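This report concerns only the one structure given below.
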There are 2 protein chains.
Amino acid sequence: MTESANPIDFWFDFSSPYSYLLSERIDELAGRFGRKVRWHPILLGVVFRSTGSAPLTLQTPVKAKYWLIDFERSARFMGIPYHHPSQFPLATQIAARAYYWLHGQDCGLARHFAHAVFRALFADNRDISTPDTVFDIAAQLCVDRVALEAAVNDPVIKEQLKDEVDHAIQIGVFGAPYVLIDGQPFFGADRLPQIEKWLETGGF
Amino acid sequence: MTESANPIDFWFDFSSPYSYLLSERIDELAGRFGRKVRWHPILLGVVFRSTGSAPLTLQTPVKAKYWLIDFERSARFMGIPYHHPSQFPLATQIAARAYYWLHGQDCGLARHFAHAVFRALFADNRDISTPDTVFDIAAQLCVDRVALEAAVNDPVIKEQLKDEVDHAIQIGVFGAPYVLIDGQPFFGADRLPQIEKWLETGGF
């Protein structure tokens, strides 16, 4: 294994529009350079309490108005379907816990599930804060509903999510999407062109 | 005149790194689509008081660290010289007033002066909050030093800058660089690719 094969880390919250946009591109981009991506759903609410930040649409009205324009325009620019959710922002701990439980069993299934959750929220306007919606999404991927319902209430899985959030805060994740490549941090879906150049050139 | 010839408006603060990066590209980009750019230096400190924001490097240490990495990396990505100023952030009202006074006499000269101020701060690490530095920069462009010194203390010029800042806040400018094209707002140097596509396609 050469150093260039080190995995890329990608932190996100299922309720973050720019995380959704980056999630639709990062695996394909990394793959072109022989890299894999490790996905880490976290809870931005907890991160923001530690950094004194706020969700973009809960800042001043004038900023909220801009970000709503920019979410949709950035999606069109990237060729990704986007419908701003009626329920926004919203709680994502059930989806995140489900992700980690699935990941413990089948990494590929967890990835499909993550895409399905993002698309449910940002393309199909479904309320992913509702446990039933999360279970329905998983059921479409043939996940056992009863086992999943037990998992998202399992203290071990709850602790795993808490540890992921704590670890993210510890290493300096202050928002999402946040990508770390060989120690180099990239914040925002708009850093994809820089990520591409970084992978291409090994740093610039 | 077709609608596509409408001028583009560009608000910036001389102490804003991403404004500097955008300033190095916006005129050439606009020119390719037959557009002119109207430059509006403002005072972000005043804007931030109205929106409850703070300069990027005065946010939490973890964010400040990221933005310092990103300023320099974004500059390298864009092929623009960048040296983070020793004095940062810093006051820019003298430079902004000088700009408006020069603009009243010679629009092209004001543009040269604005580039020279940005480059003095972000390439040559000069302290542009000092009036003498601003006067030296202008003197290099053959501006009369005594007349300029009088101008930056002239209540009419002070009022002109105040009006520009007030107007910017009124129309929703909450940070810099902020670009308005046919009513469509773009915030940040990282929106240049979207600006380019917007100009190319007339909206997307």
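The values are calculated or read from the model by the stated rules, or taken from the named source; none is laboratory data. Remember, predicted model here, so these are calculated numbers, not experimental data. Cβ: placed from backbone, ideal geometry, glycine included. Neighbour counts: every protein chain shown. Only protein heavy atoms, including side chains, enter the accessible area calculation; ligands, DNA and RNA are left aside. Shrake-Rupley method; radii C 1.70, N 1.55, O 1.52, S 1.80 Å.
In the stretch B:30-45, the residue that is nearest to the other protein chains (Cβ to nearest Cβ) out of those that are surrounded by fewer than 18 Cβ atoms within 10 Å (Cβ to Cβ) and within 15 Å of B:L192 (Cβ to Cβ) is B:F33.
Residue count for the stretch B:46-79, restricted to those that are assigned to a helix (DSSP H, G or I), buried (at least 16 other Cβ atoms within 10 Å of the Cβ) and more than 8 Å from chain A (Cβ to nearest Cβ): 10.
Restricting to the stretch A:59-103, and then to whatever is more than 19 Å from the chain's Cα centre (by Cα) and β-branched (V, I, T), can you tell me which residue is nearest to A:Y18 (Cα to Cα)? That would be A:I69. Please indicate, with yes or no, whether at least one residue in the stretch A:11-33 is within 13 Å of the chain's Cα centre (by Cα), at negative phi and of a type in the set (V, I, T). Within the stretch A:11-33, one or more residues are within 13 Å of the chain's Cα centre (by Cα), at negative phi and of a type in the set (V, I, T).
In the stretch B:80-96, which residue that is surrounded by 20 or more Cβ atoms within 10 Å (Cβ to Cβ) and of a type in the set (V, I, T) is farthest from A:P193 (Cα to Cα)? Ranking the qualifying residues of the stretch B:80-96, first place goes to B:I94. Out of the stretch B:29-68, which residues are aliphatic (A, V, I, L, M) and under 23 Å from B:T92 (Cα atoms)? Once the filter is applied, which keeps residues that are aliphatic (A, V, I, L, M) and under 23 Å from B:T92 (Cα atoms), the stretch B:29-68 yields B:V37, B:I42, B:L43, B:L44, B:V46, B:V47, B:A54, B:L56, B:L58, B:A64, B:L68. Checked against (1) assigned to a helix (DSSP H, G or I); (2) surrounded by fewer than 17 Cβ atoms within 10 Å (Cβ to Cβ); (3) more than 16 Å from the chain's Cα centre (by Cα), A:I157 passes all but a single condition, namely (2). Count of the stretch B:104-147 residues, restricted to those that are polar (S, T, N, Q) and more than 18 Å from the chain's Cα centre (by Cα), is 2.
In the stretch B:167-196, the residue that is farthest from the other protein chains (Cβ to nearest Cβ) out of those that are charged (D, E, K, R) and surrounded by 15 or more Cβ atoms within 10 Å (Cβ to Cβ) is B:E196. Listed by first and then second residue, the pairs linking a residue in the stretch B:171-200 that is farther than 14 Å from A:F77 by Cβ and charged (D, E, K, R) to a residue that is assigned to a helix (DSSP H, G or I) and open to solvent by 10 Å² or more (accessible area, probe 1.4 Å), with Cβ atoms under 9 Å apart and 6 or more places separating them unless they lie on different chains, are B:D182/B:E3; B:D182/B:S4; B:D182/B:W198.
Evaluate the stretch A:137-154: report whether one residue or more is surrounded by 15 or more Cβ atoms within 10 Å (Cβ to Cβ) and closer than 25 Å to A:L68 by Cα. No, the stretch A:137-154 contains no residue that is surrounded by 15 or more Cβ atoms within 10 Å (Cβ to Cβ) and closer than 25 Å to A:L68 by Cα.
Residue-level check: of (1) in contact with an Asp or Glu (Cβ under 9 Å, 6 or more places away or on another chain); (2) part of a helix (DSSP H, G or I); (3) of a type outside the set (S, T, N, Q); (4) within 30 Å of A:F77 (Cβ to Cβ), B:L121 misses just (4).
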